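Presented below is the structure to which this report refers.
The values are calculated or read from the model by the stated rules, or taken from the named source; none is laboratory data. Remember, it's a predicted structure, so these values are computed and weren't measured experimentally. Cβ: placed from backbone, ideal geometry, glycine included. Neighbour counts: every protein chain shown. What goes into the accessible areas is simple: the full protein's heavy atoms, side chains included, and nothing from ligands, DNA or RNA. Shrake-Rupley method; radii C 1.70, N 1.55, O 1.52, S 1.80 Å.
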Amino acid sequence: GPAAEGETRGRQRRARTAFTSEQVCRLEKTFQRHKYLGATERRKLAAALQLSEIQIKTWFQNRRMKLKRQI
């Protein structure tokens, strides 16, 4: 019914970002240098890659988790 429909809409998640290979390459290179980004670096990287700071932050979080799993 309409109630259930409204519920799913309210919980809508942002679609997964498809990063370009250039973006991933730059992110990986940055990650090799610093595992954690400060606000300034994140802002600069976001501007350079035309991504949001949240996307950068999330990518780094996910990348650190991936590294943890590999160890």
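Looking only at segment 49-71, which residues are within 17 Å of residue 32 (Cβ to Cβ) and of a type in the set (S, T, N, Q)?
Restricting attention to segment 49-71, the residues satisfying the condition of being within 17 Å of residue 32 (Cβ to Cβ) are 49, 56, 59-68, 70-71.
Listed by number, the residues that qualify are 61, 62, 70.
For residue 50, indicate whether it is modelled with pLDDT of 95 or more and not β-branched (Val, Ile, Thr). First the steps, then the outcome.
Values: modelled with pLDDT of 95 or more: yes; not β-branched (Val, Ile, Thr): yes.
Yes: the conditions hold for residue 50.
Find the residue count for segment 1-32, including only residues that are out of contact with any helix residue (DSSP H, G or I) (no Cβ under 9 Å at 6 or more places or on another chain) and modelled with pLDDT of 95 or more.
So the answer is 4.
Taking segment 22-51 as the search range and keeping residues that are of a type in the set (S, T, N, Q) and open to solvent by 50 Å² or more (accessible area, probe 1.4 Å), which one is nearest to residue 68 (Cα to Cα)?
32
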